[in-house]
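Since the structure comes first, as C-alpha cells, the remarks are kept for the end.
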Amino acid sequence: MKGRFGFDFIHSEERLTTPLIRKSGELVPASWDETVGYVADKLNKIKSMYGSDSLAGFSSAKTTNEDNYAFQKLLEERLVPTTSTIVRGFVTHQR
C-alpha cells in the first residue's frame, strides 16, 4: 500500500464506508454518532477502572499541525491530563 501507487485502496469495492460495531459477536453498521459515543464510553470505562495512565494517544508528523494540536487538546482535556511529546524517539515536551 505504500509508495507512489498506494492510493488504490480508496476506490476498492471492499473499502469500509460506514462504521461497524460488534454486537452479539457480529459486526453491524452504525451511525457515526453512535460509534463516537460507543468509543467514548469504552475509553471512559478504561480510565475509570485503570486510571488515566492506562490511556495513550499516538499521532504522526505526517498529519497537519492543526490536527495534531486538536488531538493533543482532546487527550489533555478529556482523557489524559499528562502528556509527553516524543519526536524521533526523544521526549521534547512534558506536562
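When region 27-59 is limited to residues that are farther than 20 Å from residue 81 by Cα and polar (S, T, N, Q), the one that is farthest from the chain's Cα centre (by Cα) turns out to be 31. The listed residues are 37, 57, 51, and the only one of them that is in contact with a Phe, Trp or Tyr (Cβ under 7 Å, 6 or more places away or on another chain) and either among the aromatic types (Phe, Trp, Tyr) or within 19 Å of residue 77 (Cα to Cα) (or both) turns out to be 57. Return yes or no: is residue 80 modelled with pLDDT under 80 and under 26 Å from residue 21 (Cβ atoms)? Here the answer is yes, as residue 80 does meet what is asked. Scanning region 31-77 for residues that are acidic (Asp, Glu), in contact with a Ser or Thr (Cβ under 9 Å, 6 or more places away or on another chain) and under 23 Å from residue 17 (Cβ atoms) turns up just one, 67. Listed conditions (1) in a helix (DSSP H, G or I); (2) surrounded by 10 or more Cβ atoms within 10 Å (Cβ to Cβ) are all met by residue 33, apart from (2). Among the residues of region 3-26, are any over 16 Å from the mean Cα position of the chain (by Cα), outside the structural domain of residue 75 (by the TED database) and surrounded by 12 or more Cβ atoms within 10 Å (Cβ to Cβ)? No.
The values are calculated or read from the model by the stated rules, or taken from the named source; none is laboratory data. Keep in mind that what you see is a predicted model, and the values were worked out from it rather than measured. Positions of Cβ are backbone-derived with ideal geometry, glycine not excepted, and every protein chain shown enters the neighbour counts.
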